[in-house]
Structure formats: C-alpha cells, structure tokens
Amino acid sequence: MLVFNKKSDLSAFLSPLINQNKSIGFVPTMGALHKGHLSLLEKSLSENDVTVMSIFVNPTQFNNAEDLDKYPRTLNRDVEIMQELSNNIIVYAPEVDDIYEGNTVSESFDYDGLENQMEGKHRPGHFDGVGTIVKRLFEIIQPNKAYFGEKDFQQLQIVKKMVSKNKIPVAVIGCPIHREESGLAMSSRNERLSYEAKEKAAEIFKILKSAKTFFENNSPEATISFVENEFKKFPEFQLEYFEIAEESSLLPVSKKEADKKYRGFIAIFIENIRLIDNISLN
Ligand code: PAF
C-alpha cells in the first residue's frame, strides 16, 4: 500500500494515471476508520480504476480546541485496516503544513444559506473549514468521483453545493449511514465513549425511529417536542438540537407538504462527546 505525506509526491504519482484517463475515486476522512469508511472505500474500489483515501484531521473545521485535541488519531491502525481490505488503496496522510503552507485559516464560502442551519448554527466556521479542505483535496487529487457518508448529511449537501458553484468536475456520491448492531451511527467519535455510554447511545437511533413513526400523523412541531421529551427521560444525554428540515434546502419545516422530502437531524452530547445522526422521515 502506498502512503504519501506530501502533495507533490502524490500529484507526481497520480498525474500519469490522470493522463491515461484512469478514473479516480476519492474517500476523504479524518481517520480512526470504522466500517462506515470501509463501505465508502469498497464502493470506490468497485467503481474506479484508482482509489485514494485521505487521512487528515483538518484543524480549520473544529470550532472547539478540545474537540480537535481529543479527536482520535490512529494512522498505523488505519493503514493496517485498509491493507486488510485491499492493497490498491493510495493513502494521502499529510501534515497540516502540506495543506495550509503556514497559513492555517479557512476560505470563506457561500453555500446559499445551507451553512446557516443546524451544524452551521452550532459550530461557527465549521463549514468554511470543510469547504476549504475538501476543495484543496479535490485540487490535489482531481478525482472523478468522491464518496461521503450520509451521517454528515448537511456536509454532503454543502459539498455538492460547493462543487456546483465552483464548477469542479467531480461527482459527489452520498452513501448510507452505517450503524452498529445497536443502531448507533458509526462515527470516529464513538471511540471516545465508555462501554456504558456506547450502550446508552443506542437510544439515539431508537428515538429517531419512534420520531419517524410519530411524524406520520403529527406536525413537525409536535414531533420535535416528542423527541425532546423522550430525551428528558435520560439524564445522561444533553440534547443540543433536534430539527426537522427539508432535504435539499435544509430549511426547518413548519408545515408538511406532500411532494417534499423531510429528515430529522440531531446533535446530542453524552459524556461530553458530541454525536450527530439523522433519519429520513418520509
Ligand atoms: O467527514 C469528515 O470526516 C470530514 O469533514 C472531511 C470530509 C474528511 C473533511 O475534513
């Protein structure tokens, strides 16, 4: 397996392949790989001649220094996990300076308002950081297709918007959320949960599923109250938000319309660790 730390070396390796019209699939990650990441890799391996995965904990998308500090970094284990899957994955694992060249700041992006909802409201600057890193990685790797998990559904919509506004020739592909047997959405942050908290965190998906059923015969407002009340039964959780939004605009919904697709989005703390998840409601 080839692991590159420098963008110049990666570009030198990829450019003859790009010239030969080989299709390049790209899976951007921050490492601490789990089965959700592996499913993105498998899809890319099956659809492209070459698959590149980046492992980079991007400082500019963290609005909380402690969260950045505590984000799991497990490069050696990640490489071993990938090796078990396939020897044909090209890894790009840069240092901060290889990406930011001494100027670790975000560009600023206009995503037509998508950035002002949910995660954007609660994590100021987060999506400028995401846009900055994803755009730079696309410039370095020049993929034909890039794969993103739907757990970060807002991120997926934002990346699609960034690509279309900047006319970047890459197909952004959303892939379904991978869940533990308990229903807990797979996330690198789960590694930081104690055994007990991980067990308890299974309630998140259980409550989301009940919310989906409740939403069938009730208004968005009543469904939000239902979810808030359900979580009040569990003092271990601190609910940051549960919102119901229309899928493409991500605008909060007050009244259901027949031809619209809705999703419930949640951010919640347990043991001071922030988890997000979402569920299609109709
Ligand atoms: O979803 C993530 O892991 C990150 O936000 C991404 C897309 C790799 C950018 O740093």
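A short reminder: the numbers here are calculations on the coordinates, not readings from a lab. Remember, it's a predicted structure, so these values are computed and weren't measured experimentally. Cβ atoms come from the backbone with ideal geometry, glycine included; neighbour counts cover every protein chain shown.
Loop-located trypsin sites (Lys or Arg not before Pro) in region 149-234 (DSSP state not H, G, I, E or B) with no more than 11 neighbouring Cβ atoms inside 10 Å: LYS167, LYS233.
If you plug the beta carbon distance of LYS22 and SER225 into 1/(1 + (r/R0)^6) with R0 = 51 Å, you get a FRET efficiency near 0.45. Let me know the shape class of region 147-255, please: from the alpha-carbon gyration tensor, a ≥ b ≥ c as square roots of the eigenvalues, rounded when a/c is under 1.5, otherwise prolate if a/b is greater than b/c, or oblate. Cα axes put region 147-255 in the oblate bin.
Close amide-amide hydrogen proximity is noted between MET186 and HIS178, ARG179, GLU180, each under 5 Å apart and 5 or more residues distant or on a separate chain (H modeled in the peptide plane; Pro and chain starts excluded).
Using Cα centres only, tell me the gap between region 52-106 and region 225-282 in whole Å. Centre-to-centre distance over Cα atoms comes out at 29 Å. The dipole here belongs to region 46-197: it is taken about the Cα centre, uses +1 on the Cβ of Lys and Arg and -1 on the Cβ of Asp and Glu, and is about 420 debye. Pairs exceeding 23 Å between alpha-carbon atoms, taken from LYS135/LYS165; LYS145/LYS167; LYS35/LYS232: LYS35/LYS232.
In order along region 137-143, the Karplus-derived 3J(HN,Hα) couplings, from 6.51 cos²θ - 1.76 cosθ + 1.60 at θ = phi - 60°, round to 5, 4, 5, 6, 8, 6, x Hz, and Gly and Pro are given as x. Summarising the strand pairing of the chain, around 50 percent of its internal DSSP beta bridges are antiparallel. When the Gaussian network model of the chain links Cα atoms closer than 10 Å, the mean-square fluctuations of THR223, THR132, THR104 top out at THR104.
Its Cα centre serving as origin, region 118-186 has a Cβ charge dipole (Lys and Arg +1, Asp and Glu -1) of approximately 360 debye. Go ahead and set up a Gaussian network model of the chain, Cα springs under 10 Å, then flag whichever of PRO220, PRO169, PRO59 fluctuates most. The residue that fluctuates most here is PRO169.
Give the angle, between 0 and 90 degrees and rounded to the nearest 10, that separates the Cα long axis of helix 220-232 from the longest principal axis of the Cα atoms of the chain. It is inclined by approximately 90 degrees. The long axis of helix 7-19 is offset from the longest Cα principal axis of the chain by roughly 80 degrees. Of all the options GLN155, GLN20, GLN117, the one that moves most in a Gaussian network model of the chain with Cα springs shorter than 10 angstrom is GLN20. Sequence-ordered 3J(HN,Hα) estimates for region 33-50 from the Karplus curve with 6.51, -1.76 and 1.60 and θ = phi - 60° stand at 5, 9, 4, x, 4, 5, 5, 5, 5, 4, 5, 5, 4, 7, 10, 9, 6, 10 Hz, glycine and proline given as x. Based solely on its DSSP helices, what 222 nm [θ] is calculated for the chain when runs of n ≥ 4 H residues each add -39,500 (n - 2.57) and the sum is averaged over all residues, nearest 500 deg cm²/dmol? One gets -12500 deg cm²/dmol as the mean residue ellipticity at 222 nm.
When each of ILE133, ILE18 is scored by the number of other beta-carbon atoms lying within 10 Å, the sequence from fewest to most is ILE18, ILE133.
In this structure the amide hydrogen of ALA171, modeled in the peptide plane, comes within under 5 Å of the amide hydrogens of LYS145, ALA146, none closer than 5 places in sequence on its chain. Compared with the dominant principal axis of the Cα atoms in the chain, helix 153-165 is inclined by about 50°.
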